[in-house]
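Taking it in order: structure first as structure tokens, then the write-up.
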Amino acid sequence: MSSISTARFPLSVTIGGRIVSPALPIVDSSPPNATEKSFDSLLQEYSEQNIPLESKSGIQLRERVLDRMGQLCRAWIKSVCLKIPLPQDAVENAGGALYTSGSYRLGVHEPGADIDAILVAPNVCSREDFFGSNYIPPDYDGESDLSKVRDPDSLAERIRRHPDVTNFVPVEGAAVPILTFDWEGVNIDLLFARLNSASVPKDFDINDDKVLDGVDSATEKSLNGPRVTNLIAALVGGTPQRYQTFLKVVRCVRKWAKARGLYSNKMGYWGGVNINISVALVVQLYPNDCAASLLRKFFLVFKSWRWPNPVMLTKPHDAGFGLSVWSAHHVNHLRQVAPIITPAYPAMNSTLSVSRQTLQILHEEFCRGYEIMDNIWKQHQGGELDSGDAFGELFETSDFFMTYPYYLSICIVGPNESDAQSWTGFVESRMRKLVSDMLGKSLPLSKIQLWPKKLEACIADRTALLTHDQRKNSVTYFVGFKIDRLRMRGNQLDIERQMQNFQQWELSRFQPYVNGMDVFIKNFKVKELPLICFQDIYEGGKLEAMKKRRKLLDADPIRQKAKKHARLEVLKARMDEMRRRKEEMAAIASEKKRKREDMDKGGEEADIDENQQNINLSSDEAFAAKEEEALLENALDAIQNETGEGKTREEAERDRQKLLAGELLVEGGGDLDDEEEEIEYGRNGVRNNLVEQNALISIAEREAEVLRRSGCSIVSDDEFVVVGGNLILPWRNSMFTSYKKKRVKSEEDSSSQENVSIIFKSNFDVIELDADGFVVDKGDDDFSPSATWQGRRPGFEFKLGERGLGYYRTGKKISVPSHVAY
């Protein structure tokens, strides 16, 4: 039966007494060609120089530490059995086993990596025996605090007292209780699993599903670590060459994730088990590819992955022991953002901490990684690469501290070293809720990112009253974010409320709380970040980082497009202004020409009439008319002489003609009558006609006249005829588009026109109109417009409703706003 299954499913394996087959079919099983092999050799060259493996002495040290710790654990199990007491044969057969999981179990051999170990003990050993809690000393006086007193015979105290152990921190209140410590410099995370049996036999098979019968939740999660790791190793270990290829890709992806700030499961990103499962899936899809091709296809697969479809190596199965198995149809699993399912029973989502905000960061990095790997592959195909240095771009340090305009520092302080370690670990486990749930969902932010690497420094406000011990026992995390200007109301972000909720709902759960434990928040702009953020991260420190940031901003296509658009707007404004001046000058010239023609025509008609009159007049009448004209001319001469200008009749006549034609500027004019028109000229020779209103005119009529001069159509109250049907609205005529744009005024005509500003006595919302004059619905808390499906949103459904196509809040009655602007 096993051979038949293996023939039908080439990657199927038998483990734990059952046959396990891949969930997805093979995409391409062809072996690598010569070009791909040479491409793989370049990656191997880069890996040997930049991704070192654990030395032989380091491997031997880890093996020695695990052997000594195993002896200590078995001795502790015997001491618990003797304390009960149990018969001697039961004590000898109690057994106990120490298992490893994660990268150490797979053989990644990364220098300095921690070891995830699980102690499997019989049911005679309780978790209280493991941690030594609830212990009452024989000399207890009944008044002292026993919260920090532990049983000296417990495993926790035995490890703490060991001379080779340092940095010992017990975390008993976690969902999976753990002891973390350094043994001879090797960091170890020790979990405890209590079986539902009186002994742990020597032939104990941890991969068998029966070991989970009757265990508690913490034991189930602890045993899941080695069981998942063993199944991953079996699914990719068809041949030794395939398994080594798998390890090479895992090392590269781990280095990439750490360099780009994506390696931390508790911070909402991917951890070690997530990377192992995802790389194993790519190996299942392309089982015979080389490491370099698999690394490129890793980014291709996950940049194209259709989240929230789950990533799984094998289909989940139910062994029938009453444990919850992950299912895509379960109501509690429908809102998970990016599930990666563990292959062992009970199947569970290993990326529960991944949120929409962190998935956005992961997707951007997947796209970036594929673009780099695809460019390297194309260059290699073209014969342009002769070394593996080109892979260095993939593993460059993230631009986190130069990407965002605003940052928050989260400083975690404790009263002493031991309390600070436990307090810091608890706050770190809750920090993703602050960033993704409280800040990311309640504030108008387009992007927010938590940098998962802590800084060993106290970055808090100077006004914070901290002791020397608090500043010494403190760490700081940074959060970068971008503001969504379309959703922003005002110019201030209220973060204080979210911090109060975080402290009240999350941090208050920590027990026991000690005075001096606190969290401080401080905001920075990118140029105000302290120098420690750039030390040992960017070559050249903050100065070079800011120069690189300027280059990144200048190279941003969106920013380039915005600059180009701004330049075009300025040029358009200048062209409109030049066109306007040209039209005004042409209008003035045509007006002058028309007046001259009218004046010449009027003169000819006057001459004709005068000649005709002279013909009809008798000689006496003609003499009287000449005498009258002469008297008038003499009177005009007398007036001319009184002014002191000394002009002749011919000069006075020329000035009169110029004045009528508008070519003579009369300076020093006095007050004008109510019905007269004041004539002024600007610097550019354009004449302005300003009508002085009568003082008796009402204020409303004056304001209406000002609006008419600025181009607005005014309808008075006494006009009963309905207007507007034949009114050309500004957004319907291209000649009025200039009213929506910022006009560039030069100094020459800055005083030539009157600036008219309309001041409303009440505040109005600023709205945006489309081409048809309807108000653009930008959404609110209950509705978010979207032309396409953007994925599932908690509490919303995508449909075509009363307000158009978009996301509507489930069960919420939608109020339809007005769609016409008045």
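Tabulated results
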| item | result |
| --- | --- |
| Residue 544 being of a type in the set (Asp, Glu), without any contact (Cβ under 8 Å) to a residue 60 or more places away in the chain and assigned to a helix (DSSP H, G or I) | yes |
| Candidates 493, 553, 486 - the one that is part of a loop (DSSP other than H, G, I, E, B), at pLDDT below 90, touching a Lys or Arg at 6+ places or on another chain (Cβ under 7 Å) and of a type in the set (A, V, I, L, M) | 486 |
| Residue within segment 516-527 that is over 22 Å from residue 260 (Cβ atoms), exposed (fewer than 12 other Cβ atoms within 10 Å of the Cβ), under 21 Å from the mean Cα position of the chain (by Cα) and at pLDDT 90 or above present | yes |
| Every residue from segment 298-338 that is part of a loop (DSSP other than H, G, I, E, B), out of contact with any strand residue (DSSP E or B) (no Cβ under 9 Å at 6 or more places or on another chain) and under 17 Å from residue 286 (Cβ atoms) | 304 |
| Tally, over segment 1-18, of residues that are modelled with pLDDT of 75 or more and either buried (at least 16 other Cβ atoms within 10 Å of the Cβ) or among the aromatic types (Phe, Trp, Tyr) (or both) | 5 |
| Qualifying positions in segment 547-580 - without any contact (Cβ under 8 Å) to a residue 12 or more places away in the chain and under 30 Å from residue 531 (Cβ atoms) | 547, 550, 551, 553, 554, 555, 556, 558, 559 |
| Test result for residue 429, within 16 Å of residue 519 (Cβ to Cβ), surrounded by fewer than 18 Cβ atoms within 10 Å (Cβ to Cβ) and not aliphatic (A, V, I, L, M) | yes |
| Hits in segment 42-61 (condition: open to solvent by less than 20 Å² (accessible area, probe 1.4 Å) and under 25 Å from residue 119 (Cα atoms)) | 58 |
| Matching residues in segment 173-201 - criterion: being outside any strand (DSSP E or B) and either within 40 Å of the chain's Cα centre (by Cα) or at negative phi (or both) | 173, 174, 175, 176, 177, 185, 195, 196, 197, 198, 199, 201 |
| Pair list, Cβ under 9 Å, 6 or more apart: segment 507-529 residue over 30 Å from residue 404 (Cβ atoms), other residue open to solvent by 100 Å² or more (accessible area, probe 1.4 Å) and modelled with pLDDT under 90 | 512/145; 512/148 |
| Residue check for residue 408: within 22 Å of residue 264 (Cβ to Cβ), surrounded by 14 or more Cβ atoms within 10 Å (Cβ to Cβ) and of a type in the set (A, V, I, L, M, F, W, C) | yes |
| Subset of segment 350-386 that is of a type in the set (Asp, Glu) and free of Cβ contacts under 8 Å to residues at least 60 places away in the same chain - its residue that is farthest from residue 255 (Cα to Cα) | 384 |
| Residue identified as within 25 Å of residue 26 (Cβ to Cβ) and either surrounded by fewer than 20 Cβ atoms within 10 Å (Cβ to Cβ) or hydrophobic (A, V, I, L, M, F, W, C) (or both) among 339, 316, 343 | 316 |
| Extreme residue, farthest from the chain's Cα centre (by Cα), among residues of segment 438-454 that are outside any strand (DSSP E or B) and crowded, with 18+ Cβ neighbours inside 10 Å | 438 |
| Residue 354 open to solvent by less than 30 Å² (accessible area, probe 1.4 Å), touching a Leu at 6+ places or on another chain (Cβ under 8 Å) and not in a loop (DSSP other than H, G, I, E, B) | no |
| Every residue from segment 144-167 that is under 20 Å from residue 424 (Cβ atoms), at pLDDT below 90 and in contact with an Asp or Glu (Cβ under 9 Å, 6 or more places away or on another chain) | 167 |
| Residue match in segment 401-408 (condition: touching a Leu at 6+ places or on another chain (Cβ under 9 Å) and more than 22 Å from residue 447 (Cβ to Cβ)) | no |
| Residue among 586, 545 that alone is open to solvent by less than 100 Å² (accessible area, probe 1.4 Å), of a type in the set (A, V, I, L, M) and farther than 19 Å from residue 405 by Cα | 586 |
| Filter result (within 28 Å of the chain's Cα centre (by Cα) and open to solvent by 30 Å² or more (accessible area, probe 1.4 Å)) within segment 373-398 | 375, 393, 396, 397 |
| Residue match in segment 263-279 (condition: open to solvent by 10 Å² or more (accessible area, probe 1.4 Å), part of a helix (DSSP H, G or I) and farther than 24 Å from residue 479 by Cβ) | yes |
| Residue in segment 378-391 that is hydroxyl-bearing (Ser, Thr, Tyr) and outside any loop (DSSP other than H, G, I, E, B) present | no |
| Test: residue in segment 481-488 that is more than 30 Å from residue 372 (Cβ to Cβ) and open to solvent by less than 60 Å² (accessible area, probe 1.4 Å) | yes |
| Criterion (part of a strand (DSSP E or B), over 35 Å from the mean Cα position of the chain (by Cα) and not aliphatic (A, V, I, L, M)) met by exactly one of 170, 163, 152, 226 | 170 |
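Yes or no, residue by residue, for (1) more than 17 Å from residue 119 (Cα to Cα); (2) out of contact with any Leu (no Cβ under 7 Å at 6 or more places or on another chain); (3) polar (S, T, N, Q):
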position	(1), (2), (3)
192	no, no, no
196	no, yes, yes
203	no, yes, no
214	yes, yes, no
218	no, yes, no
221	no, yes, no
224	no, yes, yes
233	yes, no, no
244	yes, yes, yes
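The values are calculated or read from the model by the stated rules, or taken from the named source; none is laboratory data. Note that the structure is predicted; figures quoted are calculated from it, not measured. Heads up, the Cβs are rebuilt from the backbone with ideal geometry, glycines too, and the neighbour counts pull from every protein chain shown. Keep in mind that these areas ignore ligands, DNA and RNA; they rest on the heavy atoms of the full protein, side chains included. Shrake-Rupley method; radii C 1.70, N 1.55, O 1.52, S 1.80 Å.
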